Amino acid sequence: MIDILKVIAAFAAGYLLGSLNTAVIVGKIWGKDIASLGSKSAGLTNTLRVLGKSAAVLVLAGDILKGIVACLIGLRIGVYAQSGEARDCVSLLAAGAGAVIGHNWPVYFGFKGGKGALTAAAVMFMFNWVMALISLGVFVLIVALTRYVSLGTISASVFFVALSFIPAFGNSFYFQIFAGLMALMWHYATNGRGEKDMVMLPYKDRLLLFSRYLQQLIMESIGKEFDRDGTTVNQGLTVYGNKGSTDQHAYVQQLREGVANFFVTFIEVLKDRDGPSMEVEQGITSGDFLFGFFQGTRTALYDNGRESMTITVDAVDARTIGVLIALFERTVGLYASLININAYHQPGVEAGKKAAEAVIALQKAVVGLLGGQKREMTASEIAEELGKPDDVEAVFAILRHLAANPDKGVTSTTGGHIREVKFSVYK
């Protein structure tokens, strides 16, 4: 889960560091105001023109160093979007962006700085050196063709951003954007309070278990009594669903005309199957009918003001399932950040496990007592003997379960009032 406050702190640290404009500082050492001389730009190029090579070398080193240090601070803060690698470190990007912005608009020098090319280059190399080298090549090419450093800087920056969306470079920006959009959709649909349920309708039989998996993922992650500040919020997001082909005749009637307390997430699969689909009518296959049901259901819900979103995938295979799981897991983490809860803290699940352990311990005590007494006893008598008179209902439930399974070696009398039923051990 992304810690927004830490990301903001990383950006602020980067900005304050970046605001230490090296050209201005070096100019003051040289006894000159670099911002009022030459091109009046507080950057490397103007320093070289006005102050010479020695001063320019100091500016070069300083601008690069503050970009590197800002990124190291971001790494130290350690807020990651997904993996533990630098390319997924949100705090690194925030600190790096802050350093570049601080260089361009320094708070210490009247918000008048340089163009941030060197600092930005340092941040790029810290983020992904392969992409940075390619972008550097673009910078050199543009400058060589046009003689404009600013145009080369802009072109390289835009190219770097474009590369960040290509999965081959190991980045997941595009994935984070999709997950972020879906988290915002959940927040919009539920007012950030779980006011509506999420109905999963995957239109593929092989995705039957996916809806059930999402029930486990979302409901145990989002269902929380307290937020991260300890305030009682009773958050949650109820998920139910099956598969589109079944739910066409199961509960779409209510979805369209009943209580509007839900939003639908459709999963559309473009490929019907590996081989040819069975023809149901002349020229119309079973896959065509399933597609028609999907489009028809979505239209019918929309026409009656029912909200939905659609995820479209090419086919159902191992990679697609993995991507869908990763997408929903990332979305859960982002949504949890939006509503200020810890998606990974699950005391309710732990409470259920502890309660189950207590039941097992009570069962052992009941069987041990009953075996030692070697006589028939009611649940009330056993509870009294165990010193747990308030647990008589649980004791009776345990004994009834044991008596229903012959291998447990417990038998019970029949007839009479439930309080008069007696149990004994016969082995």
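With label points built 7 Å along Cα→Cβ from the Cα atoms of Phe226 and Leu181, find their separation and express it in nm.
Result: 3.7 nm between the two label points.
Using Kirkwood radius over Cα pairs in Å as the read-out, say which of [x] 24.1; [y] 27.3; [z] 25.1 was calculated from these coordinates.
Here Kirkwood radius over Cα pairs in Å agrees with entry [y].
Subtract the Cα-Cα distance of Thr414 and Val323 from 0.36 nm times their separation in residues, and report this length gain in nm to one decimal. Don't skip to the answer; put the middle values down first.
Details: separation 91, 0.36 × 91 = 32.76 nm, distance 5.59 nm.
Taking Thr414 through Val323 to full extension adds about 27.2 nm, to one decimal.
Put +1 on the Cβ of each Lys and Arg and -1 on the Cβ of each Asp and Glu in the chain; which of His103, Leu402, Val90 then has its Cα farthest toward the positive end of the dipole?
His103
Could you give the distance between the Cα centres of the range 283-330 and the range 135-149, to the whole Å?
Taking the Cα centre of the range 135-149 as reference, the centre of the range 283-330 is 46 Å away.
When the dipole is taken about the Cα centre of the range 338-394, and only Lys, Arg (+1) and Asp, Glu (-1) are charged at their Cβ, what size is it in debye, to the nearest 20?
260
So which residue, out of Thr378, Thr297, Thr146, gets the largest mean-square fluctuation from a GNM of the chain using Cα contacts under 10 Å as springs?
The residue with the greatest mean-square fluctuation here is Thr378.
For the range 87-138, what's the relative contact order in percent, using C-alpha pairs closer than 8 Å and at least 6 residues apart?
Relative contact order comes out at 30 percent.
Lys and Arg at +1, Asp and Glu at -1: add these up for the other residues within a Cβ distance under 10 Å of Ser91 and post the number.
+1
With the other protein chains left in place, how much accessible area per residue, in square angstrom, belongs to the chain at a 1.4 angstrom probe?
I get 53 Å² per residue for this part.
Give the peptides 270-277, 60-67, 95-102 in descending order of average Cβ contacts within 10 Å, highest first.
Details: 270-277: 11.2, 60-67: 20.0, 95-102: 26.4.
Top of the packing list down: 95-102, 60-67, 270-277.
Can you check what the net charge comes to around Lys243, using other residues whose Cβ is under 14 Å from the Cβ of Lys243 (Lys, Arg +1; Asp, Glu -1)?
0
Of all the C-alpha pairs in the range 32-72, what % are more than 14 Å from each other?
The proportion of pairs with Cα distances above 14 Å equals 47 percent.
Hey, rough spin-label estimate for Val359 and Ile68, points 7 angstrom out along Cα→Cβ, what's it come to in nanometres?
6.1
Exposed loop GluC sites (Glu not before Pro) only (DSSP loop, at most 16 other Cβ atoms within 10 Å): please give the longest stretch of the chain free of them, not including the sites.
With GluC sites (Glu not before Pro) excluded where exposed in loops, the chain gives 196-306 as its longest stretch.
Label-point separation (nm) for Ile8 and Val349, each offset 7 Å from Cα along Cα-to-Cβ?
3.0
Would you work out the charge dipole size for the range 367-411 about its Cα centre, treating the Cβ of every Lys and Arg as +1 and the Cβ of every Asp and Glu as -1, and quote it to the nearest 20 debye?
220
Expressed as a whole number of Å, what is the distance separating the alpha-carbon centroids of the range 184-251 and the range 364-427?
Cα centroid to Cα centroid, the span is 41 Å.
If you roll a 1.4 angstrom probe over the protein chains with everything in place, what fraction of the accessible area of the chain belongs to carbon and sulfur, to the nearest %?
Ligands and nucleic acids excluded, carbon and sulfur reach 60 percent.
Mean separation of Cα pairs under 8 Å and 6+ residues apart, divided by the residue count of the chain: what relative contact order is that in percent? Please report the intermediate quantities before stating the final value.
Numbers: 651 pairs, mean separation 50.4, N = 427.
Relative contact order here is 12 percent.
Evaluate the Kirkwood expression for the hydrodynamic radius of the range 302-407, namely the inverse of the mean inverse distance over all pairs of different C-alpha atoms, and round to one decimal in Å.
Every distinct Cα pair counted, the radius reaches 18.9 Å.
What is the helix-to-structure angle for 318-338, meaning the angle in degrees between its Cα long axis and the longest Cα principal axis of the chain, kept from 0 to 90 and rounded to the nearest 10?
Once rounded, one gets 80 degrees.
Would you mind counting up the charge near Ala361? Only other residues with Cβ under 14 Å from its Cβ, with Lys and Arg at +1 and Asp and Glu at -1.
My count for the surroundings of Ala361 gives +2.
From the helices alone, meaning DSSP H stretches of at least four residues, give me the mean residue ellipticity at 222 nm for the chain, per-run term -39500 (n - 2.57), in deg cm²/dmol to the nearest 500. Write out the running numbers ahead of the final one.
On the way: 17 runs with 243 residues, N = 427.
So the calculated ellipticity at 222 nm is -18500 deg cm²/dmol.
I need the shape label for the range 5-149. Rule: rounded when a/c is under 1.5, else prolate if a/b > b/c, else oblate, with a, b, c from the alpha carbon gyration tensor.
Values: a/c = 2.53, a/b = 1.45, b/c = 1.75.
Oblate shape, in that a/c is at least 1.5 and b/c is the bigger or equal ratio.
Heavy atoms only, probe 1.4 angstrom, no DNA, RNA or ligands counted: give me Met198, Met126 ranked by accessible area, highest first.
Listed by decreasing accessible area, they come as Met126, Met198.
With springs only between Cα atoms under 10 Å apart, run a GNM on the chain and tell me which of Ser221, Ser150, Ser211 wobbles the most.
Its mean-square fluctuation being the largest, the pick is Ser150.
For the range 359-427, which chymotrypsin sites (Phe, Trp or Tyr not before Pro) are both in a DSSP coil and crowded by at most 11 other Cβ atoms within 10 Å?
Values: sites: Phe396, Phe423, Tyr426; in loops: Tyr426.
Sites meeting the loop and neighbour criteria: Tyr426.
The values are calculated or read from the model by the stated rules, or taken from the named source; none is laboratory data. Keep in mind it's a predicted model, so treat the numbers as computed, not measured. Ideal geometry is used to build each Cβ from the backbone, glycine not excepted, and the neighbour counts take in all protein chains shown. Surface accessibility is based on the protein's heavy atoms, side chains included, excluding ligands, DNA and RNA. Shrake-Rupley method; radii C 1.70, N 1.55, O 1.52, S 1.80 Å.
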